[in-house]
Structures are given as structure tokens and as C-alpha cells.
1. Among residues belonging to region 603-630 that are crowded, with 17+ Cβ neighbours inside 10 Å and of a type in the set (A, V, I, L, M), point out the one that is farthest from GLY473 (Cα to Cα).
2. How many residues does region 377-396 contain that are open to solvent by less than 20 Å² (accessible area, probe 1.4 Å) and either more than 30 Å from TYR303 (Cβ to Cβ) or hydrophobic (A, V, I, L, M, F, W, C) (or both)?
3. How many residues, within region 649-697, are open to solvent by 20 Å² or more (accessible area, probe 1.4 Å), under 24 Å from LEU581 (Cα atoms), of a type in the set (Gly, Ala, Ser) and in a strand (DSSP E or B)?
4. Could you count how many residues in region 433-462 are open to solvent by 20 Å² or more (accessible area, probe 1.4 Å) and of a type in the set (Gly, Ala, Ser)?
5. Being in contact (Cβ under 8 Å) with a residue 12 or more places away in the chain, of a type in the set (A, V, I, L, M, F, W, C) and closer than 21 Å to TYR482 by Cβ, is that true of even one residue in region 568-575?
6. Taking region 539-564, which residues are touching a Ser or Thr at 6+ places or on another chain (Cβ under 9 Å) and either open to solvent by less than 10 Å² (accessible area, probe 1.4 Å) or closer than 15 Å to TYR482 by Cβ (or both)?
7. Could you list, in sequence order, the residues of region 253-273 that are surrounded by fewer than 19 Cβ atoms within 10 Å (Cβ to Cβ), within 22 Å of ALA310 (Cβ to Cβ) and over 30 Å from the mean Cα position of the chain (by Cα)?
8. What's the number of the condition THR374 fails, among (1) under 22 Å from LEU323 (Cβ atoms); (2) open to solvent by 10 Å² or more (accessible area, probe 1.4 Å); (3) hydroxyl-bearing (Ser, Thr, Tyr)?
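The values are calculated or read from the model by the stated rules, or taken from the named source; none is laboratory data. If you're wondering where the values come from, they're calculated on a predicted model, not measured in any experiment. Cβ placement follows ideal geometry from the backbone for every residue including glycine, while neighbour counts extend to all protein chains displayed. Side chains included, ligands, DNA and RNA excluded: accessible areas come from the protein's heavy atoms. Shrake-Rupley method; radii C 1.70, N 1.55, O 1.52, S 1.80 Å.
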Amino acid sequence: MRTPRHVWKTSAVVAAGLSGVLVLHTVTGQDSTGSATGGAPGPVSSKAETTALRVSEDGTSASLGKRDTAPFSMLGVTWSDPSARVGGTVEVRTRAAGTGNWSRWLTLDGDSGQGENSAARGGTEPAWVGPSDGVEVRVDGKNAAPLPKGLRLDMVDPGSGEVTALEPAAYTVDETGTPDPSTTEPGTDPTTGPGTGTEPQPDATAPEAPASETPAAPSPTEPTAPEPPVTEPTDPATSPPTATPSPSVSVPAAPPSTAPRPPITSRATWGADESISPEEPSYLPGERIKAVVVHHTAESNDYTCAQGPAVVRGIHAYHVKQLGWKDLGYNFLVDKCGTVYEGRKGGVDLPVMGAHAYGFNSETTGISVLGTHTSTAPPTAALTSVARVAAWKLGQYGVSPTGTATLTAGDSGRSYTGKTWAKGDRLTLPAIHGHRDGYNTQCPGDAFYTRLATVRTWAGGPVSGLTLKTVTGGGTSGTTTYTKAGITVNWSATTPAALIARYELLVDGRTAATAPGTATSAKATLTAGTHKVAVRAVHQSGTTTTTAAATVVAETTAPTFSTKPNLSLRTGTVTTAAVPLTLKWKATDGAALKEVRLTAPTARTYGPTVTGANHTAKSGAATTWSLTARDQAGNTATASVAGTPVVLQESSATRTGTWTTKSSTSYLGGKSYSSSAKNASLSWTFTGRSVAWVVSRAGTSGQAHIYVDGTKAATVDLKSATTKYRDALWTRTWSGSAKHTVKIVVVGTSGRPAVTTDGIVYLK
């Protein structure tokens, strides 16, 4: 199907009694939704309004007072001489549409810094301010230097896809209703001259002179007069060219790249109105890109990602309609969410001549991030996309993103830092460099400029910040990880995943597993033995980075209990519900023991060097104590021991001498025996492997001899600074269970002969 031509008709209407001109553009070939007839996606039309600034008598300052405007979202300040620049500060503030709220003052970059031969006007970078319906401007000159002639404010509404039959392209009105002489150039008509801001928009259909690095010299005196109203052209010779290059254009071949092409939003998708830039694209003279120049668009960062296409359309309209360029100046644009937009037409994979770096357009491609990045760096998503586009374009021509490029200056110039050069000089610059390196501009902003080294590394590799974080699947002791066989290796990197081709998990220097660039972990199964495990990151350029190796031991041998679990009674306070005892063990492992866990009758976890723990058990209840030894690899061994604490009351003992019964709830069973008679004794016979004597103690308590199986084992003193009941004062443990007799004999200590006992506890 033949695509309809978009024919622009321009007419001038002057309202009676109003010093202003309203220029209207009519669009044909579209339906009311902004789509080309026939149902295919179509361009989105933009609207523009211009208003002259009032210049001071000495020509060093200018302003535009607060005023209502037609809706707009982007603005810039332009002037008649495209080769001139503003030496002072250009500031604007706007009123958010429908709210009445005025923004803070926004400083515009005083020079768009482009070198487009067809330029009709010079101007600041355009600034996205969001939907607005009011504006105020102030321009302060620098060192009393005269400002450029024909200063005006240009406001652009990038459109939303809704197209009406009549769209305003330019509207100018004098604030007082009469021309301001200070804004009128000598020898011009106040109603039409550049000083009033009423000159017509640059002719977007005029053919461009052959591209070169030197901009065409503007006329020093006579401004371009407004064109008279025209009707639809009928002479093919005067009809605007279509957006499709003619067969006469020499289109170079698209070379393959060493880096993958990132997703790019086409001009048709972001709604480019090709009818306003119908000229054929130009290609670099050598058909080779040597470097990438990075820009910011010096506008607000407050746009939403959904507004990205509108911002791009606004820049397109500003460059073409307001400055008179043949097309959008940048080759690529990137929004803060990382979406890449096709800029100047001609083929994203071809060396299209842009208008972004005056003096160096013929050897470079330009990438601009939407927003202002003087104090705030672009988000990681935007930096990532810049790196991806730069790597892809440079990769088509064998240029390393981390290297340098030698460029020939198309004209004399000066960098932001004061470095100067003459036309024809050869400058060595980073292959990815900022606009300020080749032109006296802050672009791409201080905060962005400091991140260019990171962008170069991301684009050219190798992967940076690669760190092996953990190896899981077993345990770690010191710097060594242990596993039965399976491991999961976790890592991180600072290079964005989109620029990483893959990760490789290395075991003893060989690839055991691969993972995509988005991965942060991988699994492997190891054979028994000691291994070195590392991670290798492969950048999209093919360069590699490898982490330091981690030592991993794979083993399946279970730990052993070199000392089987055993129980013994211990000293402490005894109750029938809680008899104090000690559980002992010793576990070992051939590689690395991790822990010993008590799983019954209660749960506890002990470190690898712990060999015992104190517990209590209920009197008269058989209890099994279960242990699990676990090594760092996850291998386990289990063991257990059972025991029953038994209380033998004092009344069950064989007595000699005089003993008196004492009653109190503080005694075991509510009663105890007490004697002050020397050589009075109590004897208990039992079968078990551990025993404890349970007594009451106070400051008047005496001493007692203890005999075990007829042999004196100890003499103990029951004296205590504090009163104690049911105190297991003395214990004895044997390696196995056997029949034993324990006998206590009252010493009859002078001044404190009394001995009071509850009985004994033994473990069977």
C-alpha cells in the first residue's frame, strides 16, 4: 500500500490590534487518532509557540514577564545567529498546567552546541518542563557582553497522538501591544524582524547543503522575511521531499558488531513526524564511527518513563522547527528507565551523520540521556543502555570502548576545561567521551561525566566487581567449605547483567556449569576429594574475569563417637522432678566436625569441641539421651545412653547410733534424719553406676566420713554460710553398673557435731 504523503501548508493570520503573528500548520494524510490512513502507525504532530524577549537598552539582559500560554511541555530560548552563543545565564520557570503552581528557576544550557549546517537559529538546549500553561524568562548577560539578536522563547507541545485539522506552530504577541525597540534589529520591520520573535519557523522542506563540520555563515544583517501564505504545491519541483531517501543516496553497508544490538525504539514507534524532516540522511564521510559522544539533554529529570516518547518528540520538533535543523541532532536517546530511542534517521546500524558534536560530527555517533545530570547521575538503567549502545556501535568498527580515538577537528574549538585546537588538528580522546571534551559546554553534566569511566568499563569489559560470595551445600570451617557432593556457588558483580554474556563455574580450572549473565548462582556436583572452585564472568566483548578460588572438600565419611555418651550424677540441688546429672561424650571426624546435637529428651546444639553438658532428669523415670554428630559436609552419626535416677530415703538406710527424725517440706519426702552422736552411721546398698549423698547444710552443720564398699572415700564438711536443703554434696561414678554400699559416719565435730541427711540418689 502506498504511504500517504504528509503535506504541510503554512499560512499567516494577523489579529487586528494585536502585535503578534499566529502561524498555523495543517496536516494531511492522518486520521483523527494520529495514525496514517490505512491503519499503520503514524506520526504525532507537535505544536510550537514563540514569544520575543524584551532586551535591555544596553543589550546585556533580557526578560519575559509572567504570562499565560497555550499548553506546552518543552521550551528553549533561541536567537537569530546560529553561530552565536549566550555568555550569561538563561533561566526559566513555568506554571504547571491547571494547578497555578510555579516551578523553581531552571537554568538552561546556554548553547545547544550542535553543528548543523542548515541551522536557521542558535539556541539553548531544550528543557522538558512537563505540561505547563504559564512561563517567565530572565537572561543575565556576562561581563556586560551584548546578547545575541532575535532572542525569543520557543515552547513546544510534543502532542499525544490526537491530531486536529489546524495546529498552531508559532504564536507571538508583544506584551504591551506595541513592538519593543530594544528587541528589533536595525533595518528590520518591527512586525516581522527577529527582534520581535515573529519571524517564521525555519523551512523544514528546504534541501540542506552538503554536510560538513563548518556551519554555514548566517546573514549578518537581513533576517529571513516571513513567507507568504501558500496553497498546496502542484509543481513537483517545489513539493517537499518525502521522508524516504531517493535512490541517489549512497547508503553504506551495515557492518556486523562484536557486541549484541540492544533493543531500540524506532522513530515510528515514538511517533516521529517525518514530514517535518523529509531530507535524506547523510552518512559519515569515511563510513566509520571512531568514537561515541555522550550528552544529556539538560532538562528536568521529573518526566515519567511513559513520557519518554513525548520528550523525544519535543526535542525533534525543537531541533527541526525551532532551530531549523534537518532532523533530530542525536543519533540515539536514552530515558531514565533505560529505553533507547532511535534519533536521527538513516538506520540505527549505519554510520549516520548526526548534529550533536560541533567539529566532530563526521567521525562520531551521539547518545543523549534525557534529563539534567549536573548534580545527579543518570540511573543505572540509563547508564547501562548507554554502555550497550556504545559497545554495539563501536563494535561495528573494531573500536575498543575502553580505548582512545584520534579525531580530526572540523573547525577550531575549545573544551569545557579550556583546551583549544585549530581546524584540522588531531585530538586524542577516549572512545567514549563527554560532549564537554570537544566543546565548551557542561554537557553531559558533572555527575554524569564522572560516571563515564564506569560506562567505558561496562561497555568494553571485563566484568567488574566480580565476587564469589558463598559456597553452600555443606558447611564452612575457616576458608574451606565441605560438602557431600552437591554445591551451590553464589556471586555478585557490579557490571549490569545486560552486558554479561555468561558466567562459568570452574572446578579445578574446568567449566563445571554455565549460567546466563542475569544469574547470581550455579550448582555443581563434586567427586570426593579437595577441589578449587571459582567463578568466571564472560563479558559480551569476550573478555573474562575470574574470582579467587575457594577450597571445597567433598567427602561422605560419617563422624564417630570416640567416647560413647554416658551419664553421671553431679552436685547440686535435688528434687524428685529434677535430679542433677552430667551427660558426656566425644565425637570426632576425619575432615571437620561441625556440631553435636542433643535430640532427646530435649534439644540442644553443641560446638565441635564440647564433650559434656549438665542436665536434670526426673527421679524414677527411665530416660534415653540421644546425640547426633554432624560434620561440615553434612554427614551424621548417632548414639544414645539411657538412665534412671533413683532416690533412696534416709529411712531405708541401716542405722547405728542415735538418729532423730526431722520434718519439713524442705526435705526430700518431707522428712530427714539428724544426729550429733559421734560414730553414728547410715548405710545404703544399691546397684547402679553413679551415686550422690543428699544433705541439709547450715552454719552449725558438722563433718562426716564417707565409706564406699567398706573403704573410706572422703571426709566432707557440711558447714555452709547459707542454709541449704537437698544438697547433693558428694558424688561417685563408676564405668559400669554394679552393687555398692555407701556408709556415712558422724565425725562429732567440736561445737557443731550435727549431721542432717535426706538420703542418697543413685543412677541405674
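1. Applying the filter and picking the extreme gives ALA617.
2. Total satisfying the criteria: 11.
3. The total comes to 1.
4. Result for region 433-462: 1.
5. Within region 568-575, none of the residues are in contact (Cβ under 8 Å) with a residue 12 or more places away in the chain, of a type in the set (A, V, I, L, M, F, W, C) and closer than 21 Å to TYR482 by Cβ.
6. Answer for region 539-564, where residues must be touching a Ser or Thr at 6+ places or on another chain (Cβ under 9 Å) and either open to solvent by less than 10 Å² (accessible area, probe 1.4 Å) or closer than 15 Å to TYR482 by Cβ (or both): HIS539, ALA550, THR551, VAL552, VAL553, ALA554, GLU555, ALA558, PRO559.
7. Passing the criteria: only ALA268.
8. Just one mismatch for THR374, condition (1).
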